[in-house]
Amino acid sequence: MTRKIYTVTDLGPGDGGKGGVVHKIATMMRVHTVIKVGGAQGSHGVCTQRGECFAFSQWGCGTFEGVGTHLSSRMVVSPEGLLNEADALRYQHGIHNAFDLVTIDEQALCATPYHGIASRLKEMALGNNPRGTIGTGVGEAYRYSELYPDLAIRVFDLSRPDIRDRLADIREQIRRDLDSIMRGGFLSSDRKAAGKEVVLLYNDGFLDYITERFQEVSKRANIVDHDYLGREILTRDGVAVVESSHGVLTDHYYGFDPHTSAIRTLPRFTHEMLKEAGYGNEIADIAVFRSYAIRHGAGPMPTEDSKMSESLLPGSHKEENRYQGKVRVGPLDLVLLRYAIEVCGGPAAFKGIALTWFDQILANGKWYSCDNYIGVPNQTYFTPSGDIKVRQGEMDDAQLKYQERLGEELMRSTPEITVVKIPSTAGRDEMYSFCADILVEKLGIPVRMISFGSTEKDKICR
């Protein structure tokens, strides 16, 4: 029986460094499986001390160590993305048996290229008022499964003889839903790209191509029944890791609408999944965030400081794009981190913090952070001490409206920035204690891992 499961949760809006943390746990604990939850749009970067570097999406971040991946029923799968990632692993890293390293729950929802087209067209239609989307269609697939359950494609549907008809039905519904958008105006800079997307929605050759790709996945992938997680994976001796996409600050109901995802990856949903699978042993929830604030795309970010980009982003695999937007950085926002922790159940909900990218702070010699916002806090959204309130109530439209107004309040907030000089002669052990003392005081959670570089060797654990 699996004796312990680590869950890895990003306390920010994503991009916190989950990939390296999962890889470190996988190597250190000799993990037998990485269980994926969330969506296929993430890119979790891993660099090994052997020199391998890769941004994983659907394969777990223990893949370079031969650790198997299980795509759970709480994962939105991209069949097209699976084939592309398998090819990349083969041609870039010589992993010829990538599909042998992954099992997929037959109940997992599938995102199609048509959902991706819908996502990108909707974002372009917003013009200069971006919401932000990765553009792969994962969130769109989830929303469509809620609106049109009969149109949802699950992994067990991939081998159906009528899969082309199912894809055509999705395409037709998306064409109807986007009719006004396609006839509306786009920014001049987007018209060419939007036109190409529209052409694909009416191209039967593209439909045939998608059909072939989905059928190929049905033949190559190890598709398993829903009970496989509890029956086969969680009965193995040792340790497993649950690797989630996204971050708490993009949660559908606790992020800042509309800059959120339809996908929810709070730790409690993972706990529910594991309980349903019959797991009753130890779960260690690890909170992950960078040593500075980062947000890829639009949305509230009180500590954003464009002048810090050159000093904080060298070496990052994050790239700007039209749909997701700019990569923004700034001082570490402890106010938002405390909010994310409360959303997850408070400091007691986590066994530890994994602090990433501290090497960038060391290189700069100064650690900038924000422990409060300037001025008298709005008592509707903030406590008297200046922390953000977590609204208690139904997860409904009223909650979304509240979160939208909270986001607007955050956009008007001015951070009070403090700076701590980093001792130039301090070794890693001394720096670990230095960081841990600050964070446990401000956040109430012990620090269990600090990343001083890109590989597993650079991640120090206590």
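The values are calculated or read from the model by the stated rules, or taken from the named source; none is laboratory data. Just so we're clear, the structure is a prediction, and the values are computed from it rather than from any experiment. Methodologically, a virtual Cβ is constructed for each residue, glycine included, from the backbone with ideal geometry; neighbour enumeration extends over all protein chains shown.
Figures for the structure shown
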item	result
Given (1) in the same structural domain as Phe256 (by TED's automatic domain parsing); (2) under 25 Å from the mean Cα position of the chain (by Cα), number of the condition Phe214 does not satisfy	(1)
Helices (runs of 4 or more DSSP H) lying entirely in the stretch 98-196 (those with 3 or more residues that are modelled with pLDDT of 95 or more)	113-125, 138-147, 163-177
2 or more residues farther than 27 Å from Lys351 by Cβ: qualifying strands (runs of 3 or more DSSP E) within the stretch 211-307	222-224
Cβ pairs under 9 Å, 6+ apart, first in the stretch 266-287 and in the same structural domain as Ser72 (by TED's automatic domain parsing), second part of a helix (DSSP H, G or I) and of a type in the set (Ser, Thr, Tyr)	Ile283/Thr270; Asp285/Thr270
Close pairs from the stretch 353-377: first farther than 18 Å from Thr418 by Cβ, partner at pLDDT 95 or above and part of a strand (DSSP E or B), Cβ under 6 Å, at least 6 apart	Ile353/Ala287; Ile353/Val447; Ala354/Ile286; Ala354/Val288; Ala354/Met449; Thr356/Arg290; Thr356/Ser451; Trp357/Arg290
Which listed residue is surrounded by fewer than 17 Cβ atoms within 10 Å (Cβ to Cβ), over 28 Å from Arg231 (Cβ atoms) and in contact (Cβ under 8 Å) with a residue 24 or more places away in the chain, from Gly94, Gly127	Gly127
Of residues in the stretch 268-285 being touching a strand residue (DSSP E or B) at 6+ places or on another chain (Cβ under 6 Å) and either buried (at least 23 other Cβ atoms within 10 Å of the Cβ) or among the charged types (D, E, K, R) (or both), the one farthest from Thr9 (Cα to Cα)	Glu282
Residue check for Ala284: farther than 23 Å from Phe54 by Cβ and small (Gly, Ala, Ser)	yes
Test for Glu106: is it touching a residue at least 40 places away in the same chain (Cβ under 8 Å), within 30 Å of Glu232 (Cβ to Cβ) and in contact with a strand residue (DSSP E or B) (Cβ under 6 Å, 6 or more places away or on another chain)	yes
Residue check, Ile25 surrounded by fewer than 22 Cβ atoms within 10 Å (Cβ to Cβ) and not assigned by TED's automatic domain parsing to the domain that holds Tyr148	no
Any hit, the stretch 198-209, residues being surrounded by 16 or more Cβ atoms within 10 Å (Cβ to Cβ) and under 26 Å from the mean Cα position of the chain (by Cα)	no
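Here's the yes/no breakdown for (1) touching a Gly at 6+ places or on another chain (Cβ under 8 Å); (2) of a type outside the set (A, V, I, L, M, F, W, C); (3) under 17 Å from Gly255 (Cα atoms):
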residue	(1), (2), (3)
Gln324	yes, yes, yes
Leu336	yes, no, yes
Ile341	yes, no, yes
Ala348	no, no, no
Thr356	yes, yes, no
Asp371	no, yes, no
Val376	no, no, no
Asp396	no, yes, yes
Glu408	no, yes, yes
